[in-house]
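Working notes for the structure below.
The values are calculated or read from the model by the stated rules, or taken from the named source; none is laboratory data. Here the structure is a predicted model, which is why all the values come from computation and not from measurement. All Cβ positions, even for glycine, are placed from backbone atoms using ideal geometry, and neighbour counts span all protein chains on display. Remember, those area values only see protein heavy atoms, side chains included, never the ligands or the DNA or RNA. Shrake-Rupley method; radii C 1.70, N 1.55, O 1.52, S 1.80 Å.
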Amino acid sequence: MGKHPRENPASTSGRQSTADVCADCNTPGPSWASLNRGVLVCDDCASVHAKLGRHISHLRSLRHGYWPETLMEMVRTLVNTGANSIWEHSLRKSRSKSPRKPGLKDSHAMRKDFIYAKYRHLQFVYKQPPKEDDNAQIEDISRQLHASVRANNLTTCLRLLSLGAQVNFFSPERGNMAIHVAASAGQLLQCELLAVHGADTCVLDCRGHTPVECARIAGYHELAERLIELQYEVTDRLTAFVCGERPVHIFGEHHMLPDLPAELDSINRDIEGVQRLRQLCNSRFEELSADLYDEVERRENEEVWNNIQADVPVIVLPVNN
């Protein structure tokens, strides 16, 4: 279900589309995607995105690395439906020339200031009129997200997330979360969007069903398979980096171990390491896994950057199988 895309994740038909230019400076031929922002960016702007942190902008190279088909389709849909307008709402409506969106010939420093304002400080995002109770306002937006994921309008849901909707909001009336609703409705791309924004793909609803089980009960078996992949995303990424291949979940293979070294001392060290890991509490182990995931992703992106600067063919782990 994965592939290495060779083209921008949007179809073009003679006229220039939003997929043809960087969302932040209009440079032609963007080569990176921000998964959680739904935009495409050029190499220079992507170098700024990388410094924002994965929680603000989750970068992935369009031409290298592992791309599940439905994740690519989600990005393609957001780009084609104008997701960038969410992050530039007031900028586009303002008649003032300040602040100005950078262009192709503007400095890196200007691009950095603009990108930080746009994504870190959300300076141009639409702001709802404030209410007396901030918690009530967030709950209301979260309820809207919970209801919206049953339809296929990704931009609406991304807009709600930009307003502060909680992706793991539990509806006491429905007894579930948005990820359960999307899974039961067969909304595969909505599940992808929720996942990149931190949805818990293992959480139980009031009936004791996971999102995977909700999809299977509703007859959406391809969606259920993808949700299983999302459950193991962290361990799959680490496995691919260490072993050079990914487990085949459809055959019930969820974990792989690398070949152990022949030297006894190395084996003993491995055993000692496993014992120390087993002593960690679940929350600490999850934090460690997330840190490892981020480090693997950083190294992969760094490899892409180095090869772009050296202008040589790129070789990136993990290998897509």
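Modelling each spin label as a point 7 Å along the Cα-to-Cβ direction, I'd like the Asn168/Glu69 distance in nm, to one decimal.
Distance between the two pseudo-spin positions: 3.1 nm.
Can you put Arg100, Arg63 in order of accessible area, largest first, using a 1.4 Å probe?
Largest to smallest exposure gives the sequence Arg100, Arg63.
Could you work out the percent of alpha carbon pairs in segment 33-185 separated by over 22 Å, rounded to a whole number?
The proportion of pairs with Cα distances above 22 Å equals 48 percent.
Project the alpha carbons of segment 72-143 onto their principal axes and report the range along each, largest first, in whole Å.
Result for segment 72-143: principal-axis Cα extents of 45, 33, 21 Å.
At 7 Å along the Cα-to-beta-carbon direction for both Arg298 and Asn152, put a label point, then send me their distance in nm to one decimal.
So the label points at Arg298 and Asn152 sit 4.0 nm apart.
Once Rh is set to the Kirkwood radius over Cα pairs, what Stokes-Einstein translational diffusion coefficient, in µm²/s, holds for segment 150-232 at a temperature of 10 °C and a viscosity of 1.306 mPa s?
128
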